[in-house]
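**Q** One structure is given below, represented as structure tokens, and several questions about it will come after.
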Amino acid sequence: MNKTVSPAIQVYPDPASASRALAAEIADLIRSREKKALPTVLGLATGGTPLPLYQELRRLHAENDLSFHNVITFNLDEYLGLDHDDAHSYWQFMHQQLFHHVDIQPQNIHIPDGTITPADLAAYGRSYEQAIRDAGGIDLQILGIGTNGHIGFNEPGTPRDSRTGPVDLSEKTRRDNAVHFSGLQLVPTRAITMGCATILDAKRIALLAWGERKAAIIRDALHAPLSPSLPASYLQEHPATTFYLDQPAASKLL
Ligand code: GLP
């Protein structure tokens, strides 16, 4: 890992143009690997941020013959206690926003299972890691960022070597995500997430952030000293990370 080569920063006028640029890169990656008869392994994120990216990938599938037949996906995280049918689950989010609209093979979709019982969570986390390795590792990981610097659901305090497993959600994250629920008390208190080390194993990482409310944390993720208090700062050591920002999210960069 080499601090001098990464992250790269690309600033766009708005989320739509940033998402179009990234979706075009993803399409090139899928097509170039397909030519070599190789699958493409994508790490996927939820939240409001990747919505325009999934919209553009749906469009490329519908209008531009982009096939997901040879794509394997691993999602970052899921709320614990929510099953697949729950409208707030990330399983539902991903199927509504992307999977129902493209030709991905169902057995190639991996989303952490929010219904695993506490006793089985450690083994389940190891099996998720194994499935990523069996697929050949993640070629490109899409990331959002929490306003407290979390990546996936790795909250401040998470060590760099953490692996997939259960986590407690911070008050700040639950408050931020309460907009998607009918009240803070309905936001789950726990989740299962890929670890920081799992994320950093990805061959390439694309972190997306939009809007003024992300400007301070984007500045800190890029420029604050590496620290468990800011898990996104670990990306400073990843050799192939690009931050895709709109102008407001880039407005506090030095
Ligand atoms: C959730 C997800 C993160 C995501 C974050 C940001 O906490 N677990 O993966 O990056 O939200 O959400 P948004 O994109 O809505 O700002």
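**Q** Nearest 20 debye, what's the magnitude of the dipole of the chain about its Cα centre given +1 on Lys and Arg Cβ and -1 on Asp and Glu Cβ?
**A** Rounded to the nearest 20 debye, it is 640 debye.
**Q** Another question, if that's okay. Taking the Cα centre of region 104-251 as origin, sum charge times position over the Cβ atoms of Lys and Arg (+1) and Asp and Glu (-1), and report the length of that vector in debye to the nearest 20.
**A** So the magnitude is around 160 debye.
**Q** Name the residue from 88, 75, 57 whose Cα lies farthest towards the positive end of the charge dipole of region 28-100, charges +1 on Cβ of Lys and Arg and -1 on Cβ of Asp and Glu.
**A** Going by the Cα projections, it comes out as 57.
**Q** Would you pull out the residues with amide H under 5 Å of residue 190's amide H, same chain only if 5 or more places away, H placed 1.01 Å from N?
**A** It is 80, 169, by chain and number.
**Q** Right, another one. First select every other residue whose beta carbon is under 10 angstrom from the beta carbon of residue 153; then total the charges, Lys and Arg +1, Asp and Glu -1.
**A** -3
**Q** Quick check: Cα centre of region 185-231 to Cα centre of region 9-37, how many Å?
**A** Here the two parts' Cα centres lie 21 Å apart.
**Q** To continue, here is another question. Determine the sum of side-chain charges near residue 174: Lys and Arg each +1, Asp and Glu each -1, restricted to other residues whose C-beta is under 11 angstrom from that of residue 174.
**A** -1
**Q** Further question on the same structure: Based on alpha-carbon centroids, what's the gap between region 137-181 and region 48-82 in Å, whole number please?
**A** So the separation of the two Cα centres works out to 19 Å.
**Q** Calculate for the chain the 222 nm mean residue ellipticity that helices alone would give, adding -39,500 (n - 2.57) per DSSP H run of length 4 or more and normalising by residue count, nearest 500 deg cm²/dmol.
**A** -9500 deg cm²/dmol
**Q** To continue, here is another question. Among 140, 121, 245, which comes first, second and so on when ranked by fewest other beta-carbon atoms within 10 Å?
**A** Ascending number of Cβ neighbours within 10 Å: 121, 140, 245.
**Q** So, one more: Could you point to the residue in 66, 118, 159 farthest towards the positive end of region 4-161's charge dipole, with +1 and -1 charges on the Cβ of Lys/Arg and Asp/Glu respectively?
**A** Sorting the options by dipole projection puts first 66.
**Q** Next question, about the same structure. Show me the ranking of peptides 192-199, 229-236 by mean Cβ neighbours inside 10 Å, starting with the highest.
**A** 192-199, 229-236
**Q** What residue among 200, 181, 148 has its Cα farthest toward the positive end of the dipole of region 8-246, where the charges are +1 on Lys, Arg and -1 on Asp, Glu, each on the Cβ?
**A** 200
**Q** Would you mind counting up the charge near residue 249? Only other residues with Cβ under 14 Å from its Cβ, with Lys and Arg at +1 and Asp and Glu at -1.
**A** Net charge around residue 249: 0.
**Q** With the contact rule set at Cα under 8 Å and sequence spacing of 6 or more, what percent relative contact order holds for region 1-135?
**A** Worked out over region 1-135, it gives 22 percent.
**Q** Then there is this: How big is the antiparallel share of DSSP beta bridges in region 145-254, given as a percent to the nearest 5?
**A** So the antiparallel bridges amount to about 55 percent of the total.
Values quoted throughout were computed directly from the atomic coordinates according to the rules given, and no laboratory measurement underlies them. Being a predicted model, the structure only gives us computed values, none of them experimental. Neighbour counts are summed over all protein chains in view; Cβ atoms, including those assigned to glycine, are modelled from backbone coordinates with ideal geometry.
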